[in-house]
Each structure stands twice: as C-alpha cells, then as structure tokens.
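Below: the structure, in structure tokens.
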Amino acid sequence: MSIGNPFNGMPGYSREILSEKSENSRNSAIFVYDETGSKRGADLSCPKMLPASEISMDVFPRGSGARGTILVTLPNNEVLFPRITDDEASRKFYDYLRSVNDPCNKESQYFANFHIAEGGMVLDDMSVRYMDEDILWVTPDEPFNWGMWLLQTLPAIHLAECRDFTFRLLCVQEADWQAEFIRFFAPSMFERVIKQDLDKHYLAKKNLGTVCRSQRNMFLTDFDRSVFKDVAAAKGSAKSPVDGEKIFISRKTRSELNPNYRALINEAEVIAALEGEGFTAIEPEKYSFADQIAIFRDAKLIVGLGGAGMFNSVFCKEDALIVTIENSTNWVEAHANLFSSSGLAYGVYFGTPVSEDSGLHKRWNVRSSDLVNEIRKIA
C-alpha cells in the first residue's frame, strides 16, 4: 500500500519488517526500439540503481484512552493513520489539516467532516463507519487497477492467509472481479471481508493493520517474489488453456469500448502479423484467474501492450522473454522495474502516438513489420 504516515514512534505502533531494505539494480533491456527515431527510453539500455525498498506489516492498536485509529482516505486512496487524541500524532495531523484547509486545495474536500478546534480536532461522527474488530486494510492505492491488486493486495492477503490471521479484511468490492479476487486467492478470508466505501472514513476501535511499502516503483522484493512463486505453484491451472508458448497480450475489446483511451488503432493488423510468427492473442480478463496464472507461467515469449494485463508476468518462469509495447515513456520505467525484478529478460518497443491527441493516454499506431523484425532478433 502507499501510505503517508508521519506517526512512526507513536505509543503502541508496531512494525514487522517483511523484506529488509537492500540495493536494487534494474537490468538493462535486451533491446529498446523507438519507431519514431526520437530515442525514447534510451536509458533503459543501461543498468540502473534504484532506491532500496522495504516492506512491513504495520499495526496501529487502539491503545489506552484513545477513541481509536482513524483511516482517512485521500486522493488515490493514500491514507493517514492518526490517533484522534491530544498526543503528538494528533498534533501532527492537526498541522496537516491546516495545510490542506484551503478552498483551492483539491484535498480539502476529503476533510470536509473534520473541524479544527482549539487543542485538537473534531470529527463529524455521521461521516465515520465504526469497526469493532481487528482489521487488515488491503485496498491498493489504485482501487480499480488489476495490476495494483496483484502487486499490493495479493501479497498482503497471501500473508494473512498463511498466518491464519483472525483480522477481518477491509477492501473495495465494487466490481465482481474484486470480490472474486479475494475468494480465489484467500478463500479462508472471503467471509470476513468488510466492503470499503471510498467516500467514507473508518474508525478502528481495535487493531488496524496494513502491509506498507517504502517505495512505489514496482520493483519486487524477495518477499514479493516468494509470494508470486507460491501462488503460481498452488493456484494456477495444471495446464495452460492456450496452445503454444508465444503469447500476445491484447487490449482489443477494451479499446473498442473506449476508443479514445490509449487505443492501439491498428491492433488487428499487429495481431495478424504476430499470428504469422506463431503467437496466440489473448485478453487476460476473459480467462479465469487460475488460467491467467497458467498462461503466463507456461509461456516462453510474451509480447503485450504496456498496462495492467502485463503485470501477470509476475507468474512467469525466469526463462521467459517479455516485450512490452509502449505508446509513451510515462509508465515504461515502472514496467521495466517490474520485469527486471521478476528475473525476466525484457525488450521495449515504442510505437507512434497520434500527434493531434492530448493528455497521457493518446491513441497510437505500431509498424507491425518493424515489431516483427525486433522480435525475430530475440526469439
């Protein structure tokens, strides 16, 4: 989880380190090709040192005399875990409230039910949902992004299930796949889910825990890799439902539903060209979770459009090759971090964005002949 937490050292706060900080080095890409000739992503051709990351299990106890621990959701589902008391943590939160108590600050709306008073603050009880049991909060910081559920939620619930946690889970369950995610990956905890409403604050009367990460750069730790290895062995179908070991990860249906959102305009042409090279095109969301795991576990060469579907590469064996096709440099560093830290060799191919489009999610095209030529060099 991504956590804004100025409260380390508060009474009763505990932290268990799940993965110690260590130097992280991203391997260089086996190729970087930019069909526009502008040399995007050139630095991916060299190894790069990344900030050391640490994973911990943080638990905020109710504590003597406290009203509880408040889970305050901010934009992007980032959180603060302050005590509503007159201790140092409360004063820090008081200062934070003052810093955002500005009509021009977009975060102010998230504190509409907090009222700053002399010596502390008052929370409008009508905005709070009370939790009288031990809670493990597992909603990722992008609540509707499949990739973040894999990278953030899965390690947390896997840990909880392996340890037979008696905590209840607090997480968003607005989409059917989110509920199925918990049911599939942590079946013993499914009946203990509390559905999180992102428009509400929560007051934990007992323990409130979460798995926290010191970095959000998509670089997997030893803890993450052990979780994904265990899950791939235990949860994947015995055999991949896809024939062959060359897979193309498509976004075709999603693009048809939302043609102005990062749609690859000539995806049908790209698919036809890759099928001629022995690839099978799939859309991961059309398969069960067990089959998705098996598809990536058994594949030897995976080519795909950069995005959440490619995050399933965490289930690949280390001899797999990955080629991510990107329309910009916006997320390519994070994707490269993910592939490298999974122990995978990866190549990066940049397509051509539509020049008249604006924003981060431009439509784009790929020269299929150039793409095939680059893939042939490594296949």
Completion exercise
Residue set Arg376, Arg367, Arg363; condition open to solvent by 60 Å² or more (accessible area, probe 1.4 Å), at pLDDT 95 or above and in contact with a strand residue (DSSP E or B) (Cβ under 8 Å, 6 or more places away or on another chain); output residue Arg367
Problem - Residue satisfying all of: in segment 204-222; touching a helix residue (DSSP H, G or I) at 6+ places or on another chain (Cβ under 9 Å) and surrounded by fewer than 20 Cβ atoms within 10 Å (Cβ to Cβ); modelled with the lowest pLDDT among these - result: Arg216
Exercise for the section: Of the conditions (1) touching a strand residue (DSSP E or B) at 6+ places or on another chain (Cβ under 6 Å); (2) within 14 Å of Leu150 (Cα to Cα), Asp230 clears all except one; give me its number. Expected result: (1)
Handout entry: Selection within segment 19-58 - in a strand (DSSP E or B), open to solvent by less than 40 Å² (accessible area, probe 1.4 Å) and within 18 Å of Glu333 (Cβ to Cβ)
Key = Asn24, Arg26, Phe31, Asp34, Leu50
Fill in the blank from the handout: Expected single match for of a type in the set (Val, Ile, Thr), outside any helix (DSSP H, G or I), modelled with pLDDT of 95 or more and surrounded by 12 or more Cβ atoms within 10 Å (Cβ to Cβ) among Val270, Val242, Val231 is Val242
Fill in the blank from the handout: Selection over segment 127-142 where residues are over 8 Å from the mean Cα position of the chain (by Cα) and either buried (at least 20 other Cβ atoms within 10 Å of the Cβ) or assigned to a helix (DSSP H, G or I) (or both) yields a count of 7
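Here's the yes/no breakdown for (1) open to solvent by 50 Å² or more (accessible area, probe 1.4 Å); (2) in contact with a Pro (Cβ under 7 Å, 6 or more places away or on another chain); (3) hydrophobic (A, V, I, L, M, F, W, C); (4) not in a loop (DSSP other than H, G, I, E, B):
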| residue | (1), (2), (3), (4) |
| --- | --- |
| Gln292 | no, yes, no, yes |
| Arg297 | no, no, no, yes |
| Ile302 | no, no, yes, yes |
| Met310 | no, no, yes, yes |
| Val314 | no, no, yes, yes |
| Thr324 | no, no, no, yes |
| Tyr346 | no, no, no, yes |
| Gly359 | yes, no, no, no |
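The values are calculated or read from the model by the stated rules, or taken from the named source; none is laboratory data. Computed from a predicted model, the values in this text were never measured in an experiment. As a convention, Cβ positions derive from the backbone with ideal geometry for all residues, glycine included, and neighbour counts pool all protein chains shown. Side chains included, ligands, DNA and RNA excluded: accessible areas come from the protein's heavy atoms. Shrake-Rupley method; radii C 1.70, N 1.55, O 1.52, S 1.80 Å.
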